[in-house]
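Step one of this worksheet: look at the structure below.
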Amino acid sequence: MRVDDLLLRMRAVFTPEQVEVLTELIKFMDQLVKATDFLEVKEAINSLTDVVRELALTQKKTEEELRELKEVQKITEQKVAELAEAQKRTEEELKRLSEAQKITEQKVAELAEAQKRTEEELKRLSEAQKITEQKVAELAEAQKRTEEELREYKKITEQRFAELASEVRKTQEILQDMLIAQREMNKKLGGIDQTMGYMLENEAYRHLPAYLEKHLGIKVISRIIREEIGGKEINLLAEGVRNGTKVLIVGEAKSRLSIGPERARDVFEEVEDKIRTVLERFVEYTPEQVLPVIVTHFASKAFLEEAQKQGYIVVQSFEW
């Protein structure tokens, strides 16, 4: 086999560095074959054997490193794929951020416009504040004038009140004199009213029995009297008979009863209170046996209607 053919085959198997070393070795061997000294040839062959052994070990390490490089290459390719995916996500995120940036820029533009309007509004408010401060100053001055006027008015008012107090005292003295005179008049009128009441009662003592028997079929069987029972003055008190049943006549005398239903109930309550007191003495009578009677010189139509509803006998003096 020629040297050139051998070199071609080595280039197909070994790396360029190894081929280069083997080429030098073959050239060296070629020179050794030409040598005449056998011992030198033998030593050269031993050296060549060591070199070939080292080359074999180197080749084995190279193959192992190639396998490791293949594994590393696989990992690298996987990492590259992961990086490509990450790059894709990054590009998508950048796209989203770009859109967000556009929106942010729009918002910033809007905020800038709003800020501009705010500044204009603040400027307007500043002008309004100046006007307000001027108005406040004017109001303070007006308040000062008002306080001065009020102090002056207070002086005048106090003087007027002093004069009015003097007039009031004089008026009170006059009213006190009138009140005393009114009390005297009331005493006199009370005496007259009481006298007229007694006169009405006295007439009732004489005329009521005949009226009751004639108009209501009630026969009075005892003298009609005025009696104080339980601290209450009973104007008319007598016993009678109606339809064969004994009845107790309890009456009240009023000079004039031109009143409506509300005040009429006050009169009825007064009579009812006296009836309860009378029944505490006349225990033989029941409330159903009591005939409530009211005598008067005049009673209004409203009073008469209310009395009829309540079951009262009302007798006017012109009727007997």
Could you compute the FRET efficiency for residue 129 and residue 101, with r as their C-beta to C-beta distance and R0 at 45 Å, rounded to 0.05?
0.70
So, over other residues within a Cβ distance under 14 Å of residue 70, counting Lys, Arg +1 and Asp, Glu -1, the net charge is -4
On a straight-distance basis, which aspartates and glutamates could pair with residue 79 in a cross-link, Cα separation under 13 angstrom, same-chain partners fewer than 8 positions away excluded?
71
By how many degrees, 0 to 90 and rounded to 10, does the Cα axis of helix 38-216 deviate from the longest principal axis of the chain?
10 degrees
Based on the Kirkwood radius over alpha-carbon pairs, what value in µm²/s does the Stokes-Einstein equation return for the translational diffusion coefficient of the range 50-111 at 25 °C and 0.890 mPa s?
153 µm²/s
Which net charge results when you count Lys and Arg as +1 and Asp and Glu as -1 among the other residues whose beta-carbon is under 13 Å from that of residue 161?
+1
Where only C-alpha atoms are counted, convex hull volume of the range 232-290 per residue in Å³
103 Å³
Counting DSSP beta bridges in the chain, what percent are antiparallel, to the nearest 5?
50 percent
Globularity ratio of the chain, using Cα Rg and 2.2 N^0.38 Å
3.61
Proxy reagent accessibility, fewest Cβ within 10 Å first, across 199, 178
178, 199
Between residue 228 and residue 297, what FRET efficiency follows from the Cβ-Cβ distance if R0 is 41 Å, with the result rounded to 0.05?
0.95
Would you mind checking the pairs 219/254; 254/309; 70/95; 123/144; 219/274; 95/116 and listing those with alpha carbons more than 28 angstrom apart?
70/95; 123/144; 95/116
Quick one: which of 16-28, 291-303, 98-110 comes out on top by average Cβ neighbours within 10 Å, and what's the full order, highest first?
291-303, 16-28, 98-110
Selection of GluC sites (Glu not before Pro), the range 204-302, meeting DSSP coil and at most 10 other Cβ within 10 Å:
284
From the C-alpha gyration tensor of the range 215-320, square roots of 5λ in Å:
22, 16, 13
When the helix-only estimate is applied to the chain (DSSP H runs of n ≥ 4, each -39,500 (n - 2.57), divided by the residue count), what is the mean residue ellipticity at 222 nm, nearest 500 deg cm²/dmol?
-28000 deg cm²/dmol
So how strong a dipole does the chain carry about its Cα centre when Lys and Arg Cβ are +1 and Asp and Glu Cβ are -1, to the nearest 20 debye?
2020 debye
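Bear in mind these aren't lab numbers, they're just calculated from the coordinates by the rules spelled out. Treat the numbers as computed from the prediction; the structure is a model and nothing was measured. Note that we place each Cβ from the backbone using ideal geometry, even for glycine, and neighbour counts take in every protein chain shown.
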